[in-house]
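Each remark here refers to the structure printed beneath this line.
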Amino acid sequence: MSLPIYRALKADAALALLIDVEAKLHEDVAPHGTAPPYIVWQAISGQANNHLDEPANFDDTQYQVMVYATDAKSAYAIRNAVRTVLEQKSWISNPSINQYDSKAKLYGRGFDANWILAR
């Protein structure tokens with residue numbers, strides 16, 4: 001079951017002022033040549049919420065979101081807007097991932113979170 005991250009981010013008007021979610025949100029990896037800024041998300045682990053008397057009816061999925069931009073200020077702004085949207089549906093477990101790719105000359109800002117999805 002796929003996380004509804006695209007649907008949640010696409011519906012947010014404040015985020016739309018910062019980035020075109022439809023064109024700039026990618027699952028797993030951005031296509032080669034994607035111009036920054038852009039957002040990449042991926043599921044990084046999961047666990048079925050099992051029961052003794054019936055099959056699991058929820059899955060707890062851990063995911064990571066990374067924003068890549070040519071300047072740190074833009075990366076922070078977009079990351080914070082994405083986090084504001086997604087923390088209404090999931091909980092943020094690691095709110096501050098920061099990196100710089102010197103080869104691509106891109107700032108990466110992100111977070112890890114968990115989303116419990118009904119099956």
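Read the figures in this text as sums done on the coordinates, not as results from a lab. Remember, predicted model here, so these are calculated numbers, not experimental data. Cβ: placed from backbone, ideal geometry, glycine included. Neighbour counts: every protein chain shown.
Just to be sure I understand: of the beta bridges DSSP finds with both ends in the chain, what percent are antiparallel, rounded to 5?
90 percent
Run the numbers on the range 5-118 and let me know its relative contact order in percent, using alpha-carbon pairs under 8 Å that are six or more apart.
Relative contact order here is 25 percent.
Using a cut-off of 16 Å between alpha-carbon atoms, which aspartates and glutamates can reach Lys73, once sequence neighbours fewer than 8 places away in the same chain are excluded?
Result set, ordered by chain and number: Asp101.
Nearest 0.05, what FRET efficiency do Ser102 and Gln62 give at R0 = 30 Å with Cβ-Cβ as r?
0.60
Hey, rough spin-label estimate for Gln88 and Ala13, points 7 angstrom out along Cα→Cβ, what's it come to in nanometres?
Result: 1.2 nm between the two label points.
Beta carbons within 10 angstrom, averaged per residue: use that to sort the peptides 90-99, 25-34, 5-14, highest first.
Working: 90-99: 13.0, 25-34: 11.5, 5-14: 15.0.
Averaged packing, sorted descending, gives the order 5-14, 90-99, 25-34.
Compute the long axis of helix 72-86 from its Cα atoms, compare it with the longest principal axis of the Cα atoms of the chain, and write down the angle in degrees, 0 to 90, nearest 10.
Helix 72-86 and the main axis of the chain meet at about 20 degrees.
Please report, in debye to the nearest 20, how large the charge dipole of the chain is about its Cα centre when each Lys and Arg carries +1 at its beta carbon and each Asp and Glu carries -1 there.
So the magnitude is around 500 debye.
Would you calculate the separation in nanometres between label points at Val29 and Asp71, each defined as 7 Å from the Cα along the Cα-to-beta-carbon direction?
For the pair Val29/Asp71, the computed spacing is 3.0 nm.
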